[in-house]
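The structure appears below as structure tokens.
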Amino acid sequence: MAFELPKLPYELNALEPHISKQTLEFHYGKHHQAYVTNLNNLVPGTKFENATLETIVKEADGGIFNNGAQVWNHTFYFMQFSNHGAKTPQGKLAAAINAKYGSFDAFKEEFTKAGATLFGAGWAWLSKDVQGNLVITQESNAGNPLRSGLTPVMTCDVWEHAYYLDTQNKRPDYLKNFWEILDWNKIGERF
Ligand code: MN
């Protein structure tokens, strides 16, 4: 069965002024869609023809991995946003962040540093390990923590296409805006 671009649970202007409608038109409507289209063109006739997206992310290589992981990563990224969600972590995720990093602010600082210092294109991730401990990692290109046995909880896309229309070369400004649109209720459900 062909993979499809998931429908967003918000309008394309819902994240303004932090992420513009124009950025979503390109990032979701063009880039995310292109990864879906490419994946659908690549899998027929391979052993991944009937595989789930998660299996592709964990086991594929080359173009099938790159496009499959980018489909997974972008869906995970776009689904964590809202213009009316909880602005701070709640419940057991809040407790885990405080236990590991000391405070939400200290966590934000460490995660922002991971996003800011990632050289080139890639993703900053908050995941939990098999013991339930939180871990922040950097992945280049289409990289995904599922391949390391981690369970992703939250992510930031730091490819230039995620922010260039809004903040041009200034990735730190994008990272500042990023915190304003995270929905910590949705993110908490992943923990
Ligand atoms: Mn992207």
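The values are calculated or read from the model by the stated rules, or taken from the named source; none is laboratory data. It should be emphasised that the depicted structure is a prediction, and the values quoted were computed from it without experimental measurement. Here the Cβ positions follow ideal geometry from the backbone for every residue, glycine too, while neighbour counts run over all protein chains shown.
Some points to look at:
- Residue within region 88-95 that is surrounded by fewer than 19 Cβ atoms within 10 Å (Cβ to Cβ), part of a helix (DSSP H, G or I) and hydrophobic (A, V, I, L, M, F, W, C) present: yes
- Which listed residue is within 23 Å of Glu160 (Cβ to Cβ), β-branched (Val, Ile, Thr), away from the ligand (no atom under 15 Å from the Cβ) and outside the structural domain of Ile181 (by TED's automatic domain parsing), from Val43, Val57: Val57
- Against the list (1) in contact with a strand residue (DSSP E or B) (Cβ under 8 Å, 6 or more places away or on another chain); (2) surrounded by fewer than 20 Cβ atoms within 10 Å (Cβ to Cβ); (3) over 23 Å from His32 (Cα atoms), the condition Ile181 fails is (3).
- Test set (1) away from the ligand (no atom under 14 Å from the Cβ); (2) in contact with a strand residue (DSSP E or B) (Cβ under 7 Å, 6 or more places away or on another chain); (3) closer than 16 Å to Thr23 by Cα - Val135 fails condition number: (3)
- Filter pass, His31 being under 17 Å from Gly143 (Cβ atoms) and under 18 Å from the mean Cα position of the chain (by Cα): yes
- Scan of region 149-179 for residues that are away from the ligand (no atom under 16 Å from the Cβ) and within 17 Å of Lys113 (Cα to Cα), ordered by number: Asn169, Lys170, Pro172, Asp173, Lys176, Trp179
- With respect to (1) surrounded by fewer than 21 Cβ atoms within 10 Å (Cβ to Cβ); (2) at pLDDT 95 or above, the lone exception for Gly115 is condition (1).
- Qualifying residue in region 124-142 (condition: part of a helix (DSSP H, G or I) and polar (S, T, N, Q)): no
- Condition check for Met1 on (1) farther than 18 Å from Val158 by Cα; (2) at pLDDT 95 or above: one failure, at (2).
- Residue check, Trp123 within 16 Å of the ligand (Cβ to nearest atom) and surrounded by 16 or more Cβ atoms within 10 Å (Cβ to Cβ): yes
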